[in-house]
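The values are calculated or read from the model by the stated rules, or taken from the named source; none is laboratory data. Only a predicted model underlies this, so the values are computations on that prediction, with no experimental measurement involved. Neighbour counts run over all protein chains shown; Cβ positions are idealised from the backbone, glycine included. Side chains are part of the model used for accessible areas, which takes the heavy atoms of the whole protein and leaves out ligands, DNA and RNA. Shrake-Rupley method; radii C 1.70, N 1.55, O 1.52, S 1.80 Å.
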Amino acid sequence: MELVRTCTSSQRHVRQRDILVQLIKSRSVFRTFSSGSVKCNENDREDSDPSHLSTKLTSKQALLARRRRPLSPLERISSLLPQDALSPEVMQLREQNQQEAEEGTNTQVSEENGHPETLTGDETTPKKAESDDHHASDTVMEPSTSERWIPATLPGESLLSFGEMIIAEYYKKGRVEFKKMFQLQKGTRLQSSWGFIWHDNIVSKPSGQVLKTSLGVPILIRRASLEDYVLHMKRAPAIAYPKDAGIMLMMMDVTEGDCVLESGSGSGGMSLFLSRAVGSKGRVLSVEVREDHLKRAMLNYQRWRTSWSLRRGEEWPDNVQFHKADLSTASSLLAGQGFNAIALDLVNPHLVLHTVIPHLHPGGVCAVYLANITQVVDLLDGIRCLALPLLCECILEAPIRHWLVAPALQKDGQYCTRKPTVLVEDHSEEEEETEEQTDKEELTTDEQPAFGIIPYIARPHPVQLSHTAFLVKLRKRVQ
C-alpha cells in the first residue's frame with residue numbers, strides 16, 4: 001500500500017511540474033508581444049495530456065496588456081505632459097510607439113505552431129475602430145492655442161499702455177502692505193521688496209490684473225485715480241488732502257463752466273480737483289508766490305493730463321492758468337475779472353482778502369484752508385479789522401476714521417460659526433451632540449458657508465489719518 005501511494009504522489013508531482021512549465025512558457029510568449037493586443041486561442045483538447053495546453057487571452061487581458069506602462073522613463077514623463085510642451089523628438093517617439101501598438105493588435109499567437117498568425121478582417125476591424133476612437137478622443141480633449149479663453153474687453157474699456165500712471169498694491173491679511181505709483185515705461189521694471197515685474201509684462205493687460213513678481217508674490221495692477229495721483233505724486237509743499245478738497249468743492253459749489261481763483265498752487269493737487277470740477281467750459285487761475293512750487297504744480301498737472309489722454313483717448317481740458325505773483329500786491333493781474341468762487345491755501349490769508357474779495361461774485365464763497373487754529377483766529381480778526389463784507393458760515397475739520405471689518409477666523413484658518421440663541425434650556429443630550437457635529441462639519445468644510453452664518457469682527461484701523469486742516473467758509477454779502 002505504501003508503494004502504491006508513493007507512485008501515485010510522484011506521478012501527481014510530475015504532472016503538476018509539467019503544467020507549471022507550460023504556464024511559464026505561455027507567460028514568456030505574453031511578455032514578448034505585450035506591446036500590442038495579444039490573443040491566444042485555446043485549442044480543443046483531444047486528450048488529458050497537459051502538453052497540449054494553450055493559453056487564450058480575453059479582450060480585457062489584451063486591453064490591459066496594451067495599456068501596460070512603458071518601461072522607459074522618458075515615455076513615462078512625456079505621457080504626463082501636454083503635447084505643446086513636448087519636443088519634436090519625443091513626439092516622433094510617441095508616434096512610433098502608437099504605430100507599433102496598432103500593428104500588435106493584428107497579431108495572434110498560437111501555442112501549437114509557435115508562430116504568430118494574422119487575424120481575420122472581422123476580428124481586426126473592431127480593434128482598429130477602437131484605436132481610432134481613442135486617438136479621436138485625445139484630439140478633442142486637447143485644446144488648441146487659438147481656442148483658449150481670452151478675456152474680452154467691455155465696451156469703452158481700454159488696455160494699459162506706456163505712459164499711463166499705474167498703482168501697484170500688495171494685500172496681506174486684508175491690509176495694504178505695499179503701494180506704489182509709477183509710470184509705465186518700456187524696458188523698465190517695478191522694484192519692490194517682494195520682487196520685480198517688468199513694465200512690458202503689464203502693458204496690453206486690463207486694469208485690475210493680478211500679476212506675480214519674480215518671487216511669486218501677487219501684486220494688484222490698476223490705473224491710478226485722481227485721488228491716488230494727488231496722494232502719491234511728487235510734492236513740493238504739503239498738499240490739500242482729497243477729503244478736504246472734496247469738502248471745499250462742496251462749500252464753493254463749483255460746477256461746470258465756473259471761473260475759480262486759487263491762491264497757493266503748492267504741488268498742484270487742488271488745481272487738478274478744480275480743473276475737473278469746472279470742465280472744458282470753465283477756467284481756473286492758479287497763483288503761486290514761489291517759483292519752485294509753481295514748477296512742481298505745473299509738472300504734476302501736465303503729467304496727469306498725459307496719462308489721462310492715453311487712458312481715455314481724449315484730452316484733459318487745458319483750463320488752468322498758472323502765474324507767479326503775490327496777490328497782496330498784484331491787483332493788476334485780477335483787473336477786469338470776476339470769479340464764482342475763491343480757494344485760499346496761504347499762511348496768512350487775511351493779507352490778500354482786501355485784493356481778491358472785490359472780484360468775487362456777490363453771494364459767492366471763499367473757502368480757506370488753514371493748518372492751525374491760531375491761523376483761524378488771525379483770519380477772523382483780520383476780517384473784523386478790515387470790515388470786509390464776509391460772513392463766516394462755518395469752521396470745521398474733516399476727520400476720517402478707517403475701520404477693519406473681516407470674518408472671524410480660528411487659529412487653524414477655518415471660519416468661526418454663530419452659536420444659535422438658546423431660548424429653552426431643556427435639551428436632550430442627543431440634540432446637543434448633533435449640534436456639535438454640525439458645527440464641526442461647517443468648520444471643516446471647503447465650501448463657502450451660507451449667508452449670515454459667519455460672524456464678523458469690526459474695529460478701528462490701527463493706522464489713522466489725524467488732523468490735516470481747518471476749513472473756513474466765508475460768503476460774500478452785499479452791504
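Miscellaneous remarks
- When residues in segment 294-324 are screened for being part of a helix (DSSP H, G or I) and either more than 19 Å from Gly266 (Cα to Cα) or touching a strand residue (DSSP E or B) at 6+ places or on another chain (Cβ under 8 Å) (or both), 13 of them pass.
- Residue count for segment 325-364, restricted to those that are part of a loop (DSSP other than H, G, I, E, B) and either open to solvent by 50 Å² or more (accessible area, probe 1.4 Å) or over 18 Å from Ser265 (Cα atoms) (or both): 9
- Selected residue (criterion: nearest to the chain's Cα centre (by Cα)) from residues of segment 256-272 that are of a type in the set (A, V, I, L, M, F, W, C) and surrounded by 22 or more Cβ atoms within 10 Å (Cβ to Cβ): Leu272
- Number of residues in segment 201-223 that are open to solvent by less than 20 Å² (accessible area, probe 1.4 Å) and not in a loop (DSSP other than H, G, I, E, B): the value is 2.
- Selection within segment 224-251 - under 32 Å from the mean Cα position of the chain (by Cα), crowded, with 18+ Cβ neighbours inside 10 Å, aliphatic (A, V, I, L, M) and not in a loop (DSSP other than H, G, I, E, B): Val230, Ala245
- Being over 21 Å from Met248 (Cα atoms) and either among the β-branched types (Val, Ile, Thr) or over 45 Å from the mean Cα position of the chain (by Cα) (or both) holds for only one residue in Ser309, Ser331, and it is Ser331.
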